[in-house]
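Notes to accompany the following structure.
The values are calculated or read from the model by the stated rules, or taken from the named source; none is laboratory data. None of the values given here were measured: they were computed from a predicted structure. Reconstructed Cβ throughout: ideal geometry from the backbone, glycine too, with neighbour counts over all protein chains shown. Please note that ligands, DNA and RNA were not included when accessible areas were found on the heavy atoms of the full protein model with its side chains. Shrake-Rupley method; radii C 1.70, N 1.55, O 1.52, S 1.80 Å.
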Amino acid sequence: MTYRILCVEDNPEIGRMLVERLADEGHHCDRVSDGESALIALEGGASVAGYDLVMLDLMLPGLDGLEVCRRLRRQDSRTPVLMVTAKAAIRDVVLGLEIGADDYVTKPFHMSILLARVQALLRRHRHPDAGDDGIVETPPMVHGELVIDSDRHRVTLAGHALQLTAKEFALLALFARHPGHSFTRGELLDRVWGEEFDGYDHTVNTHINRLRNKIETDPARPRFIQTVWGIGYRFADEERNLS
C-alpha cells in the first residue's frame, strides 16, 4: 500500500536520501526544508487526501520543529509524527513527545531502523487495534463514563469526544482490553511502540501523564490508569473504582 509522507528536513543530502528510500519502499514522499513550508504543505495535504505520516526535523530555519508539531496537534491529533533529530538529549526528546510526537529517531541514524519505525507508525495509524488480518469487528469498550470505540478510533468521556494521539489511543485501548493487568514500562514500550523501538521508560511516563490529563478528572488521583509502584501501570478493574 502506498502512503503519503511529508518529510521536513533542511539538509538537502539527508532529505534526498529519505525521499529516495521511502520511494523504494513504495511510498509517496514530499519534502520541505523549513517550518513555514511544512505548515503550508500540511494544510494543503489535509484538503486533498491528508498525509499518513510526518517526519519532522527539530532544528529548522525559522519556525522550529517543536512549534510545527505543536501547531499541527492543535488541528490534527491523529497523524503520526516521527521526530528525526540530532538533539539526542533526553529532555529534548521528552519535550517533543509531550507536545504530541509519536516516536523519534536521533541522527546519525541507521536507515533500516528508521524505516522500521516508519512502517510501525503507519501500521498503527491505519489499524490501531486490528488483528493480523487487519479486520476489526469489536464493540466499544465501556468503563463507567469512558467509552473506547476501536472501530471508529474514538474515545468519549461523559459523552464528550476526546482528542487523543495515535500512541495515546493505543495505550488506552491496550489498558482497557486488560483491566486489572499490571504492565511494566518495558512491556508497554514493546506492545505500543514495537520491539524495534529503542526508547526510554520515560517515554511511557510522558504519554501516561498526557493521557491522564485528558481522561482523568483529577490526574493526581487517577480513576482509570493507576500506578503500580515498583512495576508500572494498570487499568482499574472494577467499575466501582471509576465512580
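Quick rundown of the values:
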read-out: Ranking by accessible area, most exposed first, for 193, 229 with a 1.4 Å probe; value: 229, 193
read-out: Nearest-10 value in Å² for the accessible area of residue 21, using the 1.4 Å probe; value: 90
read-out: Isotropic mean projected area of the C-alpha convex hull, the chain (nm²); value: 13.2
read-out: Long-range amide H partners of residue 84 with built H, under 5 Å; value: 56, 57, 58, 105
read-out: Paramagnetic reach from residue 30 in the range 96-125 [backbone N under 16 Å; point 7 Å along Cα→Cβ]; value: none
read-out: Other-chain or far-sequence residues with amide H under 5 Å of residue 232's (modelled H); value: none
read-out: Heavy atoms of residue 218 accessible to a 1.4 Å probe, total area in Å² rounded to 10; value: 70
